[in-house]
Amino acid sequence: MIRRRDFITLLGGAAAAWPIGVSAQQPAMPVIGLLNGQSPESFVEPLRGFRQGLKEAGVIEGENVTIEYRWAENLTDRLPTLAAELVRRSVAVIVAFGSPSVLATKSATTTIPIVFNVGEDPVRLGLVASLARPGGNLTGINFFATELTAKRLTLLRELLPGATRIGVLVNPANAAVTEAILRDVEAASHAMGLQIQILNANTSGEIDAAFAALARERAEALFVGGGAFFTARRVQLAQRAARHAMPTIYPQRLNAEVGGLLSYGASVTDAWRQVGVYAGRILKGAKPADLPVAQASKFELVINADTARMLGITVPPSLLAVADEVIE
């Protein structure tokens, strides 16, 4: 039989050996909510950049922060519901990619800090009062998806100097991106003497129909606009461009990696690294209103040489010399 004094001694020794997390309530780790209109499969490299940015700010997932992920799987109408879920979860900060995700999040909360990553002018979108002084609860990164429209057309013209009939594929459901692209395309194409054919696509079937229309109209090249939908359909776009022998330029290196001919745009991975830095700084006490909107500083020209050979295109040495990567 164990005497009472011995039992108390044993109990005390056992308590001393218990993990601290059991014997004392530890403060819960802060939670970052991540809202994205795409699927996780298409976001592996950007997430690597995001976690690197957090690490640079002294924040490591699983050690001193938890991340709640919400993916719309390319169904834009799900974004308001997913944003509301993160608000109810009382996350410490929300990071959002693309104007539809950011606008859904902005509508869901005026108090939780939001770090955005958008390709359009955030002032024009109504996200911030100014780039230098955002005000409110939002700040973030502008990675210039739309501002580079004229540059992409210039690169396409350099690759195909004789081309004059260019198709422009946009997603009408992504109104902010499409409006900006069409505005810049019209100005740039007029200055270059190009004939532009605008094509809309918001489903896989409409992408197929767009390529059929390009063939009927004898277009000589294609310019693909930005947005989560076209990123998700990048394999289909590359395959259709190959089938129709259509030289095509895209906004992201992801497109060139799956067989697209040419891409030029900001490094999405590096932009997400910057988002991670900002999210980490906010967790450490910084206010979104005091963090100026940062602008992407790393841009990538990627050429798929194998696709060029398949299309019978000789890439000019001037383009090869400035390419950040040539995929063989």
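Values quoted throughout were computed directly from the atomic coordinates according to the rules given, and no laboratory measurement underlies them. From a predicted model like this one, the values you see are computed outputs, not experimental measurements. We place every Cβ from the backbone using ideal geometry, glycine too, and count neighbours over all the protein chains shown.
Here are the numbers for this structure:
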read-out: Kirkwood hydrodynamic radius of the range 180-310, Cα pairs, Å; value: 16.7 Å
read-out: Nearest-0.05 FRET efficiency for residue 183 and residue 77, computed from C-beta distance (R0 30 Å); value: 0.70
read-out: Bridge type composition, the range 211-328 - antiparallel percent by DSSP, nearest 5; value: 40 percent
read-out: FRET E, pair residue 195, residue 132, Förster distance 35 Å, beta-carbon r, rounded to 0.05; value: 0.30
read-out: On Cα atoms only, tilt of 268-283 relative to the major axis of the chain in degrees; value: 30 degrees
read-out: Least to most buried among 141, 67 (fewest other Cβ within 10 Å first); value: 67, 141
read-out: At 0.890 mPa s and 25 °C, Stokes diffusion of the range 93-140 via Kirkwood alpha-carbon radius, µm² per second; value: 237 µm²/s
read-out: Listed residue (104, 94, 74) projecting farthest to the positive dipole end of the range 70-109, Cβ model; value: 94
read-out: For the range 56-157, diffusion coefficient by Stokes-Einstein and Kirkwood Rh (Cα), 37 °C, 0.692 mPa s, µm²/s; value: 219 µm²/s
read-out: Whole-number percent relative contact order across the range 199-313, with pairs defined as alpha carbons under 8 Å at least 6 apart; value: 23 percent
read-out: Local electrostatic count at residue 58 - Lys and Arg +1, Asp and Glu -1, tallied over other residues with Cβ under 15 Å; value: +2
read-out: Dimensions (Å) - the range 181-221, Cα atoms, principal axes, largest first; value: 33, 21, 10
read-out: Mean projected area in nm² (Cα convex hull; one quarter of hull surface) for the chain; value: 22.0 nm²
read-out: Degrees separating the helix 99-108 axis from the principal Cα axis of the chain, which is the longest one; value: 40 degrees
read-out: Distribution of pairwise C-alpha distances over the range 123-178, 10 Å bins, in %; value: 18, 35, 27, 15, 4
